[in-house]
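These notes are about the structure you will find just below.
The values are calculated or read from the model by the stated rules, or taken from the named source; none is laboratory data. In this text the structure is predicted, and so the values were computed from the model without any measurement. Cβ: placed from backbone, ideal geometry, glycine included. Neighbour counts: every protein chain shown. Quick note on the areas: whole protein, heavy atoms, side chains included, nothing else; ligands and nucleic acids left out. Shrake-Rupley method; radii C 1.70, N 1.55, O 1.52, S 1.80 Å.
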Amino acid sequence: MTVVAKPATQRLRVTLRGAVQGVGFRPFVYRLATEMSLSGWVLNSSAGLVVEVEGPTEQLSLFEQRLEQERPKASVVTAREFAWLAAEGSTRFEILASDRDSGKTVNVLPDLATCTDCREELFDPDNRRFAYPFTNCTNCGPRYTIVVDIPYDRPNTTMRDFVLCPRCREEYENPANRRFHAQPNACPVCGPKLEGTIEDVVEALRAGKIVALKGIGGFQLLVDARNADVVGRLRQRKHREEKPFALMMPSLEEARAYCEIAPSEAELLESQAAPIVLLRPRPGTDIAANVAHCSPYLGVMLPYSPLHHLLMEECRFPLIATSGNRSDEPIAIANDEAKVRLKDIADHFLMHNRPIVRACDDSVVRLTRGRAGILRRARGYAPLGVRVAHELPPVLAVGGHLKNTVAIAVGQDVFLSQHIGDLETLEARGAFEKAIDDLCRLYSFKPEAVACDLHPDYASTHWAEKSGLPLIRVQHHQAHVAACAAENNVEGAYLGISWDGTGYGLDGAIWGGEFFHVEGGRYERIAHLRSFGLPGGDVAVREGWRSAASLLYEVLGAESAAPDTAEQSQGKPRLDEAKVRYMLEHGINVVATTSVGRLFDAVACISGVARQNRFEGQAAMLLENEIGLLRTEEAYALAGGDWGPLISAVLADKIAGVPASLMAARFHNALVAWILEVAGSAKLKQIVLSGGVFQNRYLTERAAAALEAAGFAVHTHRQVPPNDGGIALGQAVMSRK
Ligand SMILES: [Zn+2]
Ligand SMILES: [Zn+2]
Ligand SMILES: [Zn+2]
């Protein structure tokens with residue numbers, strides 16, 4: 001007979017850092033410890049979640065395993081510490097009050113989509129929260145948009161003015177309840193209320209009206225997506241000519257009727273972040289053509305708040321749900337503000353009395369290389385951090401000028417703000433300053449330096465210069481690849497490919513077609529697109545035909561005609577063309593560029609696909625879209641990044657009547673071949689792809705596949721966008737000496 005020794009009693013302390021507050025972690029630990037007959041306590045401290053459990057050693061090991069395996073779905077653990085202590089002889093397990101003193105390094109959580117339990121209650125006529133638009137629990141509900149300060153406790157949120165009723169308080173205080181310490185806990189008796197009815201909203205939508213709805217991260221503008229008239233009116237009033245609108249569908253099943261949805265796309269739609277997912281539309285549905293006519297995708301999201309669930313249950317048709325703003329301005333969040341700013345846009349308002357602390361747009365995600373690629377990082381993701389391999393100095397990174405986000409580096413974590421937008425307007429610059437303020441306050445962060453873009457005229461650079469802190473100026477395209485390398489924990493030397501719209505180069509030219517050999521913090525530019533002149537500088541970003549005119553002028557010399565394209569229009573452009581020709585001939589106001597984004601514009605124009613960008617990257621998007629399902633290995637010549645032979649070939653193809661789809665494919669394939677050429681000669685095993693051009697899925701997937709087939713390890717973005725929304729991370733990382 002084996003003698004079983006009585007297991008020694010020990011005490012284990014576990015400290016978890018990351019997104020561990022406001023996700024039901026303490027009740028989970030309480031239930032687990034109680035179930036396993038362990039004594040001890042759990043508490044939320046500003047430094048993280050701390051647990052001490054006491055019991056037989058084996059049980060403690062098992063506890064440690066189950067803590068990891070069964071922890072709340074919404075939690076993100078970025079660091080764990082374990083310490084074995086002597087037993088104290090404790091007899092019960094308790095949840096202790098928050099300890100507020102240690103440094104603030106706990107992640108603030110993003111807003112989480114309504115969970116299954118809360119949704120069931122919402123539609124259960126016997127439940128006391130039946131049809132209550134503000135229900136939530138520790139597994140779901142608003143977080144980042146209601147938190148004023150940390151630790152994340154009710155008095156530090158905009159729920160502080162709503163006094164819990166006895167029943168809600170009981171739930172809030174009962175560790176066994178799903179709403180234990182759910183800070184926004186509320187019910188129809190004690191919680192926020194709608195100022196208006198869902199029925200009236202549905203009636204307005206059916207009548208073809210534009211509705212402004214106060215959502216989670218700000219106001220949204222809603223219209224019936226099947227009604228082309230109202231979609232047109234929304235475009236007009238919002239000053240948004242062609243940029244696609246996103247849709248909210250009543251349910252996943254209904255979304256399937258409109259779009260092709262792969263299992264991993266369904267998972268994204270139903271995830272706690274509940275982003276807008278770019279999907280392939282099915283042909284012949286009743287979605288109005290002007291919702292997204294120039295895009296190969298439909299941006300679709302599912303209801304993510306109880307209010308949205310109730311609304312979509314009533315109107316079972318797809319709605320446009322777009323940010324409540326005029327184009328290029330931040331989204332409106334306050335009731336009074338919305339009444340003023342949206343009064344010329346919306347016909348009908350639905351507000352409520354739960355304040356929103358900060359604007360947070362809906363995030364945009366698209367499946368790339370089989371996983372989620374974030375294109376706009378906001379609700380559901382912000383302000384989660386990216387953990388990097390090395391400790392960083394306490395630096396504030398202020399991002400770029402377009403698609404701005406800011407970031408702070410706290411040890412090994414870089415916390416990123418939500419997408420703020422283009423810093424063109426006073427409102428946007430206000431939101432930018434507020435985001436900096438927010439991050440610094442929420443993390444008690446005092447920056448010792450500011451990282452900014454090299455570009456002398458970015459609003460973010462100007463702010464940095466006036467901050468009074470030491471400046472670290474970071475080259476735009478180096479920041480792009482640094483961000484991608486950091487989030488993929490790339491160690492050692494790599495080839496950083498930074499293809500972009502525009503960015504300020506080290507030589508003062510506009511870069512955007514760069515290859516860097518990166519090693520030990522050094523960025524050597526080993527290849528780039530052959531330089532060409534951009535007539536009018538920044539104007540050429542919108543007027544893509546100017547890039548075409550310049551390249552044709554280079555290739556054909558004086559014989560070049562103004563590029564004739566499908567969009568050739570009335571009178572004025574002709575005049576502009578003469579002017580541009582004069583500029584090129586005399587080298588007046590012509591800025592040198594190596595931007596692949598501008599090469600896209602030129603090819604889109606010469607091939608007759610698009611003459612201008614009515615929104616950033618439109619021509620490139622149309623050119624990618626043109627390929628459709630065509631698959632070919634044919635490619636134009638782009639050896640050494642010399643676009644000369646390529647431009648001649650595109651022009652010859654256009655004259656010969658080659659279909660635009662084939663021209664588009666040959667162009668994309670030429671870019672892939674050039675990447676392979678440079679990668680082959682650079683002899684670096686690891687390749688990092690970043691920059692706005694890599695929002696192009698065809699290019700990214702083809703390039704990655706070709707490189708992998710050739711034996712390279714390829715890294716693309718995971719947590720931040722490849723566009724300028726990812727710049728701040730790169731700036732923060734590059735501040736490390
Ligand atoms: Zn819930
Ligand atoms: Zn209540
Ligand atoms: Zn960029």
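Structure notes:
- Residue match in the range 648-671 (condition: out of contact with any Lys or Arg (no Cβ under 7 Å at 6 or more places or on another chain), closer than 24 Å to residue 541 by Cβ, open to solvent by 30 Å² or more (accessible area, probe 1.4 Å) and among the basic types (Lys, Arg)): yes
- Of the residues making up the range 691-716, just one is open to solvent by 20 Å² or more (accessible area, probe 1.4 Å) and within 14 Å of residue 482 (Cα to Cα), namely 715.
- Filtered by the rule that a residue be assigned to a helix (DSSP H, G or I) and in contact with a His (Cβ under 8 Å, 6 or more places away or on another chain), the range 681-706 gives 682, 694, 698, 699, 702.
- Residue 503 vs. criteria open to solvent by 20 Å² or more (accessible area, probe 1.4 Å) and touching a strand residue (DSSP E or B) at 6+ places or on another chain (Cβ under 9 Å): no
- Any chance residue 71 is surrounded by fewer than 21 Cβ atoms within 10 Å (Cβ to Cβ) and under 34 Å from the mean Cα position of the chain (by Cα): yes
- Which numbered condition residue 297 fails, given (1) at pLDDT below 95; (2) over 24 Å from residue 356 (Cβ atoms); (3) open to solvent by 30 Å² or more (accessible area, probe 1.4 Å): (3)
- Within the range 574-614, restricting attention to residues that are open to solvent by 50 Å² or more (accessible area, probe 1.4 Å) and among the small types (Gly, Ala, Ser), the residue that is nearest to residue 656 (Cα to Cα) is 578.
- Total residues in the range 275-290, condition touching a strand residue (DSSP E or B) at 6+ places or on another chain (Cβ under 7 Å), in a loop (DSSP other than H, G, I, E, B) and open to solvent by 30 Å² or more (accessible area, probe 1.4 Å): 1
- Applying the criterion of being of a type outside the set (Lys, Arg), more than 10 Å from ligand 2 (Cβ to nearest atom) and open to solvent by 30 Å² or more (accessible area, probe 1.4 Å) to the residues of the range 157-174, the residue that is modelled with the highest pLDDT is 161.
- For the range 480-518, filtering for residues that are under 15 Å from residue 390 (Cα atoms) and more than 15 Å from ligand 3 (Cβ to nearest atom) leaves 8.
- Residue that is charged (D, E, K, R) and in a helix (DSSP H, G or I), where the choices are 718, 614, 666, 631: 666
- Listed conditions (1) open to solvent by less than 40 Å² (accessible area, probe 1.4 Å); (2) in contact (Cβ under 8 Å) with a residue 60 or more places away in the chain; (3) in contact with a Leu (Cβ under 6 Å, 6 or more places away or on another chain) are all met by residue 272, apart from (1).
- Within the range 468-483, the set of residues being in contact (Cβ under 8 Å) with a residue 60 or more places away in the chain and either surrounded by fewer than 17 Cβ atoms within 10 Å (Cβ to Cβ) or over 12 Å from residue 734 (Cα atoms) (or both) comprises just one member, 469.
- Complete set of residues in the range 511-553 that are under 18 Å from residue 606 (Cα atoms), over 28 Å from the mean Cα position of the chain (by Cα) and among the basic types (Lys, Arg): 546
- Going through (1) of a type in the set (Val, Ile, Thr); (2) under 22 Å from residue 699 (Cα atoms); (3) not in a helix (DSSP H, G or I) one by one, residue 603 falls short only on (3).
- Test result for residue 678, touching a Phe, Trp or Tyr at 6+ places or on another chain (Cβ under 6 Å), part of a helix (DSSP H, G or I) and under 30 Å from residue 493 (Cβ atoms): yes
- In the range 567-586, the condition of being touching a strand residue (DSSP E or B) at 6+ places or on another chain (Cβ under 9 Å) and either within 24 Å of residue 498 (Cβ to Cβ) or modelled with pLDDT of 95 or more (or both) is met by no residue.
- Residue check, residue 149 open to solvent by 10 Å² or more (accessible area, probe 1.4 Å), within 30 Å of residue 412 (Cβ to Cβ) and either out of contact with any Asp or Glu (no Cβ under 9 Å at 6 or more places or on another chain) or away from ligand 1 (no atom under 16 Å from the Cβ) (or both): yes
- Flag for residue 617 being without any contact (Cβ under 8 Å) to a residue 60 or more places away in the chain and surrounded by fewer than 23 Cβ atoms within 10 Å (Cβ to Cβ): no
- Number of the exception - residue 679 against (1) in contact with a helix residue (DSSP H, G or I) (Cβ under 9 Å, 6 or more places away or on another chain); (2) open to solvent by 40 Å² or more (accessible area, probe 1.4 Å): (2)
- Residue match in the range 357-365 (condition: in contact (Cβ under 8 Å) with a residue 60 or more places away in the chain, closer than 22 Å to residue 269 by Cβ, open to solvent by less than 10 Å² (accessible area, probe 1.4 Å) and not in a loop (DSSP other than H, G, I, E, B)): yes
- Conditions (1) assigned to a helix (DSSP H, G or I); (2) in contact with a helix residue (DSSP H, G or I) (Cβ under 9 Å, 6 or more places away or on another chain); (3) open to solvent by 40 Å² or more (accessible area, probe 1.4 Å); (4) within 15 Å of ligand 2 (Cβ to nearest atom): number failed by residue 178: (1)
- The residues on offer are 240, 235, 256, 226, and the sole one that is open to solvent by 10 Å² or more (accessible area, probe 1.4 Å) and touching a Ser or Thr at 6+ places or on another chain (Cβ under 6 Å) is 240.
- Residues being of a type in the set (Phe, Trp, Tyr) and closer than 17 Å to residue 357 by Cα - total across the range 429-452: 2
- Unique match (being more than 23 Å from residue 292 (Cα to Cα), aliphatic (A, V, I, L, M), away from ligand 1 (no atom under 16 Å from the Cβ) and outside any loop (DSSP other than H, G, I, E, B)) among 201, 189, 231: 201
- Criterion: more than 19 Å from the chain's Cα centre (by Cα) and within 30 Å of residue 609 (Cα to Cα) - qualifying residue of 263, 296: 296
- The residue that is modelled with the highest pLDDT, among those in the range 88-114 that are aliphatic (A, V, I, L, M) and surrounded by 13 or more Cβ atoms within 10 Å (Cβ to Cβ), is 113.
- Residue check for residue 247: hydrophobic (A, V, I, L, M, F, W, C) and in contact with a helix residue (DSSP H, G or I) (Cβ under 8 Å, 6 or more places away or on another chain): yes
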